[in-house]
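Asks: Take a look at the following structure, please.
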Amino acid sequence: MPPDPTGHDWPHVLRVLKNALYIHKAEGGNEFIVSLVALTHDLYDHKFFTGTQGEAEKNLAALLHQYGIDGSIIPVVVDQAFNLSFKGGAAPEKQLSLEGKIVQDAD
């Protein structure tokens, strides 16, 4: 990820991951999914990616597949990564899983 004046850079991702794993210890859920969502939650953010959300979701799914992530986990990670942000101050439209809520709080 490139340096970003809004703070959505690699150090931000590492902070979110660290906080998410800390929260996970108290709240439970799937640690691997928490980690993947935390690591990818800003990867195709509109500040970095000029395509559509559908294209971004396909790109993230392809990237996860490329790294050998189980095909049953990929849709979960993609869904949660793209639906945890408070865009424009509005709450996410979709219901988050426990893992998504953990990363949202960490973010």
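The values are calculated or read from the model by the stated rules, or taken from the named source; none is laboratory data. Keep in mind the model is a prediction, meaning the values are calculated, not measured. All Cβ positions, even for glycine, are placed from backbone atoms using ideal geometry, and neighbour counts span all protein chains on display. SASA here: full protein model, heavy atoms, side chains in, ligands and nucleic acids out. Shrake-Rupley method; radii C 1.70, N 1.55, O 1.52, S 1.80 Å.
Asks: Any idea of the accessible area per residue across the chain, 1.4 Å probe, to the nearest Å²? Present the calculation step by step, with values, prior to reporting the outcome.
Replies: Working: 6330 Å² over 107 residues.
Per residue, the chain has 59 Å² of solvent-accessible surface.
Asks: Here's a follow-up. Show me the ranking of peptides 50-61, 96-107, 26-37 by mean Cβ neighbours inside 10 Å, starting with the highest.
Replies: Details: 50-61: 13.8, 96-107: 20.8, 26-37: 17.8.
Highest mean packing first, the order is 96-107, 26-37, 50-61.
Asks: Lys58: which lysines have alpha carbons under 19 Å from its alpha carbon, excluding same-chain residues fewer than 8 sequence positions away?
Replies: Lys47, Lys94
Asks: I've got another one for you. Just add up the charged neighbours of Ile73: K/R +1, D/E -1, any other residue whose Cβ is under 14 Å from the Cβ of Ile73.
Replies: -4
Asks: What percentage of the solvent-accessible surface of the chain, computed with a 1.4 Å probe over protein heavy atoms, is contributed by carbon and sulfur atoms? Could you put the intermediate results ahead of the total?
Replies: Working: 3540 of 6330 Å².
Carbon and sulfur: 56 percent of the exposed surface of the chain.
Asks: Could you tell me the convex hull volume per residue, in Å³, taken over the Cα atoms of the chain? Mind dumping the intermediate values first?
Replies: Values: hull volume 11.0 nm³, N = 107.
With only Cα atoms used, the chain gives 102 Å³ per residue.
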